[in-house]
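The values are calculated or read from the model by the stated rules, or taken from the named source; none is laboratory data. Values in this document were obtained by computation on a predicted structure and should not be read as measured data. Every residue, glycine as well, gets a Cβ built from its backbone with ideal geometry; the counts of neighbours run over all protein chains shown.
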Amino acid sequence: MNIHLCDPAFESSLLEELGAGARRVSAGVVMSKDAPAAESDFIFSRHVLLGARWVQASSVRALAKAVIDGLWPALKAQMAFRLDVFTSDAPESSGDGPLETRAALLREVLTDEIRTRRRALFRAMTEDPTTPRLQVLLVERDRALVSFASAGTLPSGDRVPSDFVAGRVVLPAEPDAPSRAYLKLREALCWLGVGPSAGDRVVDLGASPGGWSWVALESGATVIGVDKGDMHERVLSHPGFTHARTDGFKWAPEAGTIPVDWLLCDIIAEPDRSLALLQRWADARWFRNAVFHLKLRSDSPLSLARTALASVRAAGYADVRVKHLLYDKSEVTVLVRGGASPAEGAIVAVSA
Ligand SMILES: C[S@@+](CC[C@H](N)C(=O)[O-])C[C@H]1O[C@@H](n2cnc3c(N)ncnc32)[C@H](O)[C@@H]1O
């Protein structure tokens with residue numbers, strides 16, 4: 001079986017996406033039938049454990065021993081592998097403290113068990129995400145799901161599962177950022193593996209107060225922030241920033257500036273309006289790369305996310321993913337990289 005991690009609020013969307021045979025295991029944990037990594041990238045799945053199986057034991061030491069015993073034939077010959085131990089997103093705690101504390105202890109004991117059994121195997125432990133991964137998801141204090149598999153590579157080059165432990169990007173605090181929204185963009189850019197760079201032209205729709213613009217400006221890009229709301233002084237006074245105090249649904253890039261290097265959009269609006277906005281920009285091929293937040297329809301989150309994916313692809317962009325990321329609440333992030341294929345028609349030029 002494959003095990004997926006998701007936001008507990010979107011289990012039903014993931015179950016719908018996975019289709020027949022999928023079922024809930026616990027909060028934020030969903031099971032599906034075995035499938036190769038390349039077929040295991042789902043919108044509402046933030047992380048996957050390929051070919052997982054249950055291991056149960058009452059103590060941490062016995063659990064670690066059972067994990068290693070079960071994998072020993074495959075594990076003992078490894079020249080390099082990565083060990084990840086984590087819990088689901090469910091805010092749980094058990095009798096003797098939070099499950100997270102127990103997972104941290106399990107990691108230590110597992111490392112110890114490996115070192116004791118074979119020192120060479122202990123030395124083979126690495127952080128390298130391209131090596132086979134021993135993943136242990138502690139579901140309850142005495143039950144874990146265990147997977148030992150290499151990540152697969154999508155045609156885009158992205159790995160499934162991602163390089164991030166449990167699909168969680170760990171970000172440093174940036175006290176100078178004008179708003180905490182910067183975390184959402186940083187997370188999305190980590191998933192993309194690229195971001196704005198010096199000299200890039202960036203358009204930030206729904207820019208106020210300026211967390212996303214600030215991230216782009218930090219990279220040396222120039223930014224047009226489109227929002228009727230006020231921008232933070234730190235962004236407004238930046239020489240690379242221009243404030244277009246207008247409606248982001250109506251604003252269009254000037255002829256001669258398209259395609260812009262990055263379209264960023266964090267407008268909170270009706271899902272269908274946001275979808276139409278994304279389609280407008282994609283159909284006109286006004287951007288090369290994008291991070292676009294799409295509010296979800298409460299009645300059919302999956303169909304909206306799928307429509308967004310299909311419509312950007314249909315506009316000629318091959319490298320598109322739609323993911324419900326860790327910092328996403330009732331929205332998904334549309335991730336676009338590398339531009340559209342050569343246009344059949346000319347790029348639509350529009351004067352502002
Ligand atoms: C979640 S906030 C954006 C936060 C921003 N990304 C940041 O990092 O600080 C959503 C923004 O969308 C803006 N907004 C809503 N409707 C808009 C519209 N029609 N055109 C432009 N901006 C709009 C709001 O003014 C609000 O500032």
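Given (1) surrounded by 21 or more Cβ atoms within 10 Å (Cβ to Cβ); (2) within 10 Å of the ligand (Cβ to nearest atom), identify the lone condition not met by W262.
Here W262 clears every test but (2).
If we only count strands (runs of 3 or more DSSP E) wholly inside the stretch 1-106, which ones have 2 or more residues that are aliphatic (A, V, I, L, M) and touching a strand residue (DSSP E or B) at 6+ places or on another chain (Cβ under 9 Å)?
Details: elements: 2-5, 23-26, 29-32, 47-49, 53-56, 82-87.
In the stretch 1-106, 2-5, 29-32, 47-49, 82-87 are the strands (runs of 3 or more DSSP E) which contain 2 or more residues that are aliphatic (A, V, I, L, M) and touching a strand residue (DSSP E or B) at 6+ places or on another chain (Cβ under 9 Å).
If we scan the stretch 202-219, do we find a residue that is out of contact with any Cys (no Cβ under 9 Å at 6 or more places or on another chain), assigned to a strand (DSSP E or B), at pLDDT 95 or above and of a type in the set (S, T, Y)?
Taking every residue of the stretch 202-219 in turn, none turns out to be out of contact with any Cys (no Cβ under 9 Å at 6 or more places or on another chain), assigned to a strand (DSSP E or B), at pLDDT 95 or above and of a type in the set (S, T, Y).
Tell me which of these P172 doesn't satisfy, since it passes every other one: (1) assigned by TED's automatic domain parsing to the domain that holds F241; (2) surrounded by fewer than 22 Cβ atoms within 10 Å (Cβ to Cβ); (3) closer than 28 Å to T153 by Cα.
(1)
Exactly one condition in (1) farther than 29 Å from L304 by Cβ; (2) of a type in the set (S, T, Y); (3) buried (at least 18 other Cβ atoms within 10 Å of the Cβ) is not met by S40; state its number.
S40 satisfies every listed condition except (1).
Exactly one condition in (1) more than 18 Å from E39 (Cα to Cα); (2) not in a strand (DSSP E or B) is not met by A144; state its number.
Every listed condition holds for A144 apart from (2).
Among the listed residues R273, R280, R288, R234, identify the single one that is assigned to a strand (DSSP E or B), surrounded by fewer than 20 Cβ atoms within 10 Å (Cβ to Cβ) and in the same structural domain as P196 (by TED's automatic domain parsing).
Result: R288 is the single residue among R273, R280, R288, R234 that is assigned to a strand (DSSP E or B), surrounded by fewer than 20 Cβ atoms within 10 Å (Cβ to Cβ) and in the same structural domain as P196 (by TED's automatic domain parsing).
Among the residues of the stretch 153-167, which ones are hydrophobic (A, V, I, L, M, F, W, C) and in a loop (DSSP other than H, G, I, E, B)?
L154, F164 - these are the residues of the stretch 153-167 that are hydrophobic (A, V, I, L, M, F, W, C) and in a loop (DSSP other than H, G, I, E, B).
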